[in-house]
1. Once R0 is set to 45 Å, what does the formula 1/(1 + (r/R0)^6) return for the Cβ-Cβ distance between residue 168 and residue 311, expressed as a FRET efficiency to the nearest 0.05?
2. If I model a spin label at residue 302 and residue 368 as a point 7 Å from the Cα along the Cα→Cβ vector, what separation in nanometres do I get?
3. Run the simple label-point estimate for residue 351 and residue 245 please: 7 Å along Cα→C-beta, distance reported in nm.
4. Which distance in nm do the two modelled labels at residue 496 and residue 219 give, with both placed 7 Å along the Cα-to-Cβ direction?
5. Most exposed first by the Cβ proxy, i.e. fewest other Cβ within 10 Å, how do 405, 429 rank?
6. Considering the zone a paramagnetic label at residue 478 would reach in this model (a point 7 Å from Cα along the Cα-to-Cβ line), which residues of region 450-469 have amide N under 17 Å from it?
7. I want to make sure I understand the PRE zone here: with the label point 7 angstrom from the Cα of residue 418 toward its beta carbon, which residues in region 355-378 have backbone N atoms less than 18 Å away?
8. Quick one: order 238, 379 by neighbouring beta-carbon count within 10 Å, fewest to most.
């Protein structure tokens with residue numbers, strides 16, 4: 001609050017600035033009673049005294065209000081007010097461009113689990129972003145030019161257009177969620193220039209809101225099942241396991257659903273360190289637009305194993321990385337958890353036919369890491385692949401072969417020396433082979449625990465398998481299958497996990513299932529627990545599959561309480 005301002009007088013006719021205005025008082029409020037006139041002979045004394053007395057009255061009123069309105073909750077013994085827990089009121093996510101030149105079918109599914117809080121009302125919806133700024137037949141690494149200025153339009157003379165409620169679904173929404181507990185599903189935009197998708201949920205639909213994008217491609221090139229959980233817009237994303245060698249066609253999808261332009265740098269690391277390329281810096285993504293960037297245009301030659309860091313210099317975007325390996329499979333490489341000394345990747349199928357681990361270390365230090373698997377009885381080191389060394393600022397990779405040996409597993413990387421932790425980023429390619437030598441691939445990445453609750457939206461009858469790994473103590477987990485998008489009764493199951501162990505189970509399904517359903521995992525006790533869902537849809541003798549990790553939905557936040565401090569009016 002501003003302090004009263006007084007000016008040095010140059011004459012008796014110059015009155016001081018009004019104290020009420022300086023303190024923000026209501027101009028319509030009655031003025032305080034005037035004080036008795038000062039003794040004669042003191043020029044200007046009457047106005048100055050009245051102003052000072054008025055200031056005193058205002059201060060007294062402010063202090064009285066501050067004392068009569070105590071904090072919402074009492075302070076603790078140390079004088080700090082205890083925070084409270086509140087449900088989030090708005091959740092947003094961004095989905096990438098759905099097909100990018102591959103002939104297939106893409107589905108969007110959205111879900112909010114039933115809440116236990118007091119939030120009511122609200123809406124949930126998915127809307128297409130604007131078309132790409134520079135449509136192209138294939139992904140391009142050329143930065144898009146800034147959007148042209150809109151032509152001037154004459155002022156409107158008719159009635160004003162109705163204002164769109166920011167908490168209500170827009171009329172052109174591609175998909176809407178009717179209520180918590182029931183998923184909604186529908187087709188994404190199709191075509192080579194299809195835009196990304198923005199997803200928003202407010203009110204009672206915000207806590208735990210999640211969106212899944214799934215693409216089925218049945219043509220030989222790009223054959224496979226690609227899926228991902230859409231992520232919030234952000235300013236930094238890590239991906240490990242990309243490539244520009246052989247038949248690989250990998251590209252980044254950058255989607256800006258914000259109202260201002262974003263400037264993006266793409267940093268790529270290989271086995272020789274950072275790959276310098278000016279074309280990867282300063283890419284402009286216009287508001288409401290999508291761009292795809294083919295990695296092979298930025299690496300200046302084939303690079304077998306890549307770690308990709310998307311850095312947003314201004315604004316916020318959604319970023320996703322798609323990998324296609326000719327006829328060997330395709331999928332989205334999920335964004336990794338932030339660099340950390342220990343990374344856990346859940347979701348290795350029992351029938352893994354091949355696996356390739358890719359790890360990046362920061363420029364500041366080398367990383368010496370233990371490789372461990374979580375089996376049915378706990379952690380163990382796979383014979384012949386007990387460790388990996390990663391040079392500073394570079395990428396290291398190792399083929400792990402049929403590492404699971406017909407048992408489901410999770411994989412953990414941790415420092416070989418606890419006194420020498422190095423933050424890393426890691427990704428794992430997993431292949432499953434079918435008949436006639438055909439196969440599909442999926443990518444796993446470092447994941448965070450499910451925490452109190454996590455959900456995944458797109459599950460189908462007989463096609464979903466859940467992988468649960470306790471990275472610490474023995475744990476109890478509650479798994480809930482929602483009602484189907486077209487009907488059904490929710491089902492719940494509790495699962496016991498041994499310390500450090502992994503359990504796989506066919507996803508429980510709602511009775512009378514019609515349509516797709518969602519899965520929600522809650523940690524009841526023990527843990528922490530990491531989880532992943534495999535969706536498998538075989539087609540043409542190809543074991544098409546995709547794996548998504550489940551992460552804490554952060555449906556609640558801590559709200560600090562304000563401490564009583566009347567002195568704030570003087571600051």
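Only the coordinates and a few stated rules stand behind these numbers; no lab work does. Computed from a predicted structure; not experimentally measured. Here the Cβ positions follow ideal geometry from the backbone for every residue, glycine too, while neighbour counts run over all protein chains shown.
1. Here the calculated transfer efficiency is 0.85.
2. 3.4 nm
3. With each label placed 7 Å out from Cα toward Cβ, I get 2.8 nm.
4. 5.2 nm
5. Final ranking by Cβ density, sparse to dense: 405, 429.
6. The answer is 450-456.
7. Only 368-372 pass the distance filter.
8. Taking fewest neighbouring Cβ atoms as first place, the list is 379, 238.
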